[in-house]
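For reference, the structure is listed below as structure tokens.
The values are calculated or read from the model by the stated rules, or taken from the named source; none is laboratory data. As the structure is a computational prediction, the values presented were derived from the model and not from experiment. Cβ coordinates were reconstructed from backbone atoms using ideal geometry, including for glycine residues, and neighbour counts include every protein chain displayed.
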Amino acid sequence: MVLSLLAGCGSGGNDSANKPVPSPENTSNEGGKAGDAIVLGEKPLEFSFYGNYDWYSMPVWGDDLATKWIKDDKKVNVTGINSGGNTKQKLNTMIVSDDLPDVIWGDRGADIENMRANGLLVPLDDYLDKYPNLKKWAGESTLNMLRSPDGKLYQFPNWYTSQPNGNAGYLVNKKIYEDLGSPPLETTEDLYQYLKLVKEKYPNVVPLEVGQKEGIDILASAFAENHPYRFNLMMAVPEGNELKSIFTDSAFRESLQYSNKLYREKLMTQDAFSQTKDPVQEKVTTGRIAVFASSSPTEFGVMGDSLLKAQDPDAGYIMIWPVHKEGLDKNKIFPGDYNQLGWNVSVITKAAKDPEAIFAFLDWLTGPEGQSVSMWGPEGLYWNGMDQDGSTIFTDKYTSDPEGLAKVMDSTVNFQWAGNTVYVDGVKSKFEQTLPEEKRNWETRWQLEITWKTQYNTTEFVNLDPAGDSEEGIISQSVFGIYEQARSKAVLSAKNEEEVLAILDQAEKDAQKVGYDKLLKYKTEKWQENLKNMKQ
């Protein structure tokens with residue numbers, strides 16, 4: 001998964017109704033009574049931070065405008081601990097050597113629950129009323145779903161939400177599209193014919209860029225209604241009250257046949273299973289792609305649109321409604337998904353000297369001021385105060401300097417650990433509605449018009465993964481290896497559609513041999529538990 005979530009824009013400019021009110025004071029409990037609550041900035045706070053991902057390397061705190069301001073004004077300093085590209089080994093080493101960081105940021109699931117069960121994490125319940133931003137914005141329902149079996153809350157969510165969000169979908173090179181006559185791009189057949197035309201007319205352009213293979217999963221959504229790519233990542237597909245095999249799922253099988261055809265005819269990225277993020281970014285930002293299918297194409301699209309328009313006002317990128325197989329309802333096609341728990345979580349370990357102060361900081365970060373600073377930089381540059389409704393008020397520079405804004409936002413994306421989707425999206429939407437179309441932020445425009453309307457609510461499917469050292473967890477690792485190998489082999493090696501199906505049939509047999517049926521039963525039970533909890 002990629003980090004550029006909702007990197008868009010926000011609220012108010014010179015509307016006289018939006019007269020600035022003072023930004024929140026240097027306190028972490030906006031809207032609450034201070035009492036004996038910790039006030040950020042009164043004394044220094046330092047803590048160590050570990051991102052539990054192979055790909056994540058925290059930038060230097062204080063080197064960008066936003067974290068420099070936080071460091072100077074709030075007196076908060078964060079020291080990053082890098083994984084070295086091997087998170088599993090790094091985390092285990094830190095646990096065994098009793099040398100845990102103060103905060104661990106990563107996916108919900110087995111790693112966190114194991115640390116909780118072994119008494120390594122700090123419960124957060126005592127802080128919720130004292131610092132009320134998280135409780136106010138996430139709500140009891142979301143917090144209850146994050147609670148551990150002991151009934152306590154240990155996880156601080158990131159990009160939690162109560163409304164649709166997400167950027168998954170299809171980016172289209174506007175200049176190429178218009179030059180080729182702006183043909184229909186609605187069905188999978190339309191897309192296929194268009195990619196052939198691109199290959200013929202633009203031999204130096206990648207017809208369909210799929211990034212680091214995630215675009216192949218996005219394509220699966222085109223072959224069934226209500227079928228987000230999340231099902232591929234789950235390695236399970238709901239059917240009635242049970243979760244069934246991904247390898248026998250008709251949409252998944254047909255999508256790999258389609259991807260294989262595109263690959264064989266050189267209409268798709270030829271190094272999708274081996275390329276890194278950098279060449280993908282380079283191709284998109286320089287306009288050397290015609291279509292880009294991705295879980296977050298806007299991450300590079302917003303930069304590419306700005307750079308290409310600077311060279312040619314008629315260039316840039318647009319987004320299209322997700323493509324669908326002929327005969328399906330286009331309004332039931334969902335290339336991406338969202339859930340109310342959001343993306344990932346932060347946990348405070350018992351190594352922290354002052355866990356309450358860390359919670360106070362995270363709670364400030366997820367509130368209006370923290371979100372404004374972490375999204376758009378320090379006050380006074382692209383935003384200035386809040387309106388009477390508590391929404392960020394943006395300055396004229398926000399719309400007049402999109403390139404500078406993009407640079408600021410790009411510099412903070414890897415520090416967004418406590419994203420508040422409802423606040424950020426609400427601010428953006430409110431502001432964008434006041435602008436003429438030509439002045440609207442590129443990314444926010446497409447979120448409002450397409451991507452937020454085409455993301456599927458998958459809250460019921462969260463937390464299905466078993467603990468890594470359990471029997472089901474070991475099975476899951478084996479099945480995932482089979483899945484990865486079968487998917488790449490089906491796309492890259494199959495000579496025709498029949499071979500694709502044969503590869504998937506063999507994968508199903510191999511998965512069943514290692515206990516796939518037991519894993520599906522486990523995930524089904526967790527899914528049904530979620531459904532019960534959501535009704536409470």
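Can you say whether LEU362 is among the aliphatic types (A, V, I, L, M) and touching a Pro at 6+ places or on another chain (Cβ under 9 Å), as far as the supplied structure shows?
On the way: among the aliphatic types (A, V, I, L, M): yes; touching a Pro at 6+ places or on another chain (Cβ under 9 Å): no.
Answer is no for this residue.
Count, please, the residues in segment 221-261 that happen to be part of a helix (DSSP H, G or I), more than 25 Å from the chain's Cα centre (by Cα) and closer than 21 Å to PHE334 by Cβ.
5
Kindly provide the set of residues from segment 194-220 that are surrounded by fewer than 24 Cβ atoms within 10 Å (Cβ to Cβ), without any contact (Cβ under 8 Å) to a residue 40 or more places away in the chain and assigned to a helix (DSSP H, G or I), ordered by number.
LEU197, GLU200, LYS201
Quickly run through segment 232-271 and pick out the residues that are of a type in the set (A, V, I, L, M) and free of Cβ contacts under 8 Å to residues at least 60 places away in the same chain.
Within segment 232-271, LEU233, VAL237, ALA251 qualify.
Just to confirm my filter: which strands (runs of 3 or more DSSP E) fall fully inside segment 287-361 and include at least 2 residues that are at pLDDT below 95?
Numbers: elements: 289-294, 317-320, 336-338, 345-348.
Of the strands (runs of 3 or more DSSP E) lying wholly inside segment 287-361, those with at least 2 residues that are at pLDDT below 95 span 336-338.
Could you list, ordered by first residue, the pairs with Cβ atoms under 7 Å in which the first is in segment 415-440 and more than 26 Å from VAL76 (Cβ to Cβ) and the second is of a type in the set (D, E, K, R) and exposed (fewer than 15 other Cβ atoms within 10 Å of the Cβ), at least 6 apart or interchain?
THR434/ASP15
Being acidic (Asp, Glu), surrounded by fewer than 17 Cβ atoms within 10 Å (Cβ to Cβ) and free of Cβ contacts under 8 Å to residues at least 12 places away in the same chain, is that true of even one residue in segment 281-301?
Within segment 281-301, one or more residues are acidic (Asp, Glu), surrounded by fewer than 17 Cβ atoms within 10 Å (Cβ to Cβ) and free of Cβ contacts under 8 Å to residues at least 12 places away in the same chain.
Which residues, counting only those in segment 427-439, are among the charged types (D, E, K, R) and surrounded by fewer than 20 Cβ atoms within 10 Å (Cβ to Cβ)?
LYS430, GLU437, GLU438, LYS439
So which of LYS196, LYS213 ends up being assigned by TED's automatic domain parsing to the domain that holds ASP312 and more than 21 Å from THR454 (Cα to Cα)? Walk me through it before giving the result.
Working: LYS213 fails: more than 21 Å from THR454 (Cα to Cα).
The conditions single out LYS196.
Mind listing whichever residues of segment 394-413 are closer than 20 Å to GLY367 by Cβ and within 23 Å of the chain's Cα centre (by Cα)?
VAL408, MET409, THR412, VAL413
Which residue out of TYR398, TYR382 is free of Cβ contacts under 8 Å to residues at least 40 places away in the same chain and either crowded, with 24+ Cβ neighbours inside 10 Å or of a type in the set (Lys, Arg) (or both)?
Result: TYR382 is the single residue among TYR398, TYR382 that is free of Cβ contacts under 8 Å to residues at least 40 places away in the same chain and either crowded, with 24+ Cβ neighbours inside 10 Å or of a type in the set (Lys, Arg) (or both).
Of the residues TYR522, TYR483, which is among the hydroxyl-bearing types (Ser, Thr, Tyr), more than 23 Å from the chain's Cα centre (by Cα) and surrounded by 18 or more Cβ atoms within 10 Å (Cβ to Cβ)?
Exactly one of TYR522, TYR483 is among the hydroxyl-bearing types (Ser, Thr, Tyr), more than 23 Å from the chain's Cα centre (by Cα) and surrounded by 18 or more Cβ atoms within 10 Å (Cβ to Cβ), namely TYR522.
If you check SER372, SER411, which single one turns out to be under 26 Å from PRO297 (Cβ atoms), assigned by TED's automatic domain parsing to the domain that holds ASN77, touching a strand residue (DSSP E or B) at 6+ places or on another chain (Cβ under 7 Å) and not in a loop (DSSP other than H, G, I, E, B)?
Values: SER411 fails: touching a strand residue (DSSP E or B) at 6+ places or on another chain (Cβ under 7 Å).
Of the residues listed, the single one that is under 26 Å from PRO297 (Cβ atoms), assigned by TED's automatic domain parsing to the domain that holds ASN77, touching a strand residue (DSSP E or B) at 6+ places or on another chain (Cβ under 7 Å) and not in a loop (DSSP other than H, G, I, E, B) is SER372.
The conditions are (1) closer than 24 Å to ASP389 by Cβ; (2) of a type in the set (Phe, Trp, Tyr); (3) buried (at least 23 other Cβ atoms within 10 Å of the Cβ), and TRP452 fails exactly one of them. Which is it?
Here TRP452 meets the rest and fails (3).
If only one of LYS330, LYS350 is in contact with a His (Cβ under 6 Å, 6 or more places away or on another chain) and either β-branched (Val, Ile, Thr) or touching a residue at least 60 places away in the same chain (Cβ under 8 Å) (or both), which one is it?
The match here is LYS330.
Just checking, which of THR142, THR87 is within 19 Å of ASP469 (Cα to Cα), of a type in the set (Ser, Thr, Tyr) and buried (at least 17 other Cβ atoms within 10 Å of the Cβ)?
THR87
What is the residue count in segment 42-87 for residues that are acidic (Asp, Glu) and not in a loop (DSSP other than H, G, I, E, B)?
Looking only at that region, the number is 3.
If only one of SER476, SER411 is of a type in the set (S, T, N, Q) and either over 25 Å from ASN226 (Cα atoms) or out of contact with any Pro (no Cβ under 7 Å at 6 or more places or on another chain) (or both), which one is it?
That would be SER411, the only listed residue that is of a type in the set (S, T, N, Q) and either over 25 Å from ASN226 (Cα atoms) or out of contact with any Pro (no Cβ under 7 Å at 6 or more places or on another chain) (or both).
Restricting to segment 100-117, give me the number of residues that are at pLDDT below 95 and in a loop (DSSP other than H, G, I, E, B).
Matching residues across segment 100-117 total 3.
Condition test on THR269, is it among the hydroxyl-bearing types (Ser, Thr, Tyr) and in contact with a strand residue (DSSP E or B) (Cβ under 6 Å, 6 or more places away or on another chain)?
It is true that THR269 is among the hydroxyl-bearing types (Ser, Thr, Tyr) and in contact with a strand residue (DSSP E or B) (Cβ under 6 Å, 6 or more places away or on another chain).
Among the candidates LEU191, LEU128, LEU171, single out the residue that is surrounded by 18 or more Cβ atoms within 10 Å (Cβ to Cβ), among the aliphatic types (A, V, I, L, M) and farther than 30 Å from ALA315 by Cβ.
Step by step, each of LEU191, LEU128, LEU171 is checked, and only LEU128 is surrounded by 18 or more Cβ atoms within 10 Å (Cβ to Cβ), among the aliphatic types (A, V, I, L, M) and farther than 30 Å from ALA315 by Cβ.
Which one of these does ASN331 not meet: (1) in the same structural domain as GLU299 (by TED's automatic domain parsing); (2) within 27 Å of ASP63 (Cβ to Cβ); (3) of a type outside the set (Phe, Trp, Tyr)?
With (1) in the same structural domain as GLU299 (by TED's automatic domain parsing); (2) within 27 Å of ASP63 (Cβ to Cβ); (3) of a type outside the set (Phe, Trp, Tyr) applied to ASN331, the lone miss is (2).
Test SER141 against the criterion of being part of a helix (DSSP H, G or I), hydroxyl-bearing (Ser, Thr, Tyr) and not assigned by TED's automatic domain parsing to the domain that holds GLY215, and give yes or no.
yes
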